[in-house]
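Where a number appears in this text, it was derived from the coordinates with a stated rule and is not lab data. In this text the structure is predicted, and so the values were computed from the model without any measurement. Counting neighbours? That spans all protein chains shown, and the Cβs are built from the backbone with ideal geometry, glycine included.
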Amino acid sequence: MTSTSNSPETQNSIFHAAQKGNVDDIIYFVSKSQSPNSQGCGGYTPLHIACAFGHKDAVRTLLVHGGDPEQKTEDGKTARDVAEGKGFTEIVELIEGGEWKVERGEYAQYDADFRLLAQTCLLRF
C-alpha cells in the first residue's frame, strides 16, 4: 500500500503533490498514470489529502481528473467528510456543487441529447 509519508518513494507522487497543493504536479502525475483514486495509508486518496490540507485548487484538479468524491477511507470518510471535519467549507461547497463535473465532461452526453432535442423541436415550427 502506498504511504503518504515523506519517504523517497512518495516525494515524487500524486499523494505528495496533493499534500502540497501543487496543481501542476498533480496533472503531471495523472498524465503518468498515477490514479487520483489510489489509496494510501488508512485508505486515504490524493483527494482526501488535498481536502485535509485545504487545497481547493488541488481538490478541483483531482476531481476534474477523475477523483472519486464518494470513495471512502478505511474509517468510512469521504473527501467531503474530511474537508468538513477540518472546517474547509469552500471545499465542501466545491464538492457538492459539481461544477467540476462539467470540466470533467460528465455532462457532455446530456448536452448532446439536449441539443438534439432542441433541434428536433425547432424543426417543428
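Residue by residue through region 59-70, which ³J(HN,Hα) values in whole Hz follow from phi under the Karplus form 6.51 cos²θ - 1.76 cosθ + 1.60 (θ = phi - 60°), with glycine and proline marked x?
4, 4, 4, 5, 5, 4, 8, x, x, 9, x, 8
Can you run phi through the Karplus equation (6.51, -1.76, 1.60; θ = phi - 60°) for region 17-33 and list ³J(HN,Hα) in whole Hz, with x for Gly and Pro?
For region 17-33, the Karplus curve yields 4, 5, 4, 7, x, 8, 4, 4, 5, 4, 4, 4, 5, 5, 5, 9, 6 Hz.
Using amide H atoms built 1.01 Å from N in the peptide plane, name the residues 5+ places from GLY40, or on other chains, whose amide H lies under 5 Å from its own.
Those lying under 5 Å, H to H, from GLY40 are THR45.
May I ask you to sort ARG104, ARG60 by Cβ crowding, counting other Cβ atoms within 10 Å and putting the fewest first?
Going from least to most buried by this count: ARG104, ARG60.
Compute the signed sum of charges (Lys and Arg +1, Asp and Glu -1) over the other residues within less than 15 Å, Cβ to Cβ, of PHE88.
With Lys, Arg at +1 and Asp, Glu at -1, the neighbours total -1.
Of LEU47, LEU94, how do they rank once you tally other Cβ atoms within 10 Å and put the fewest first?
LEU94, LEU47
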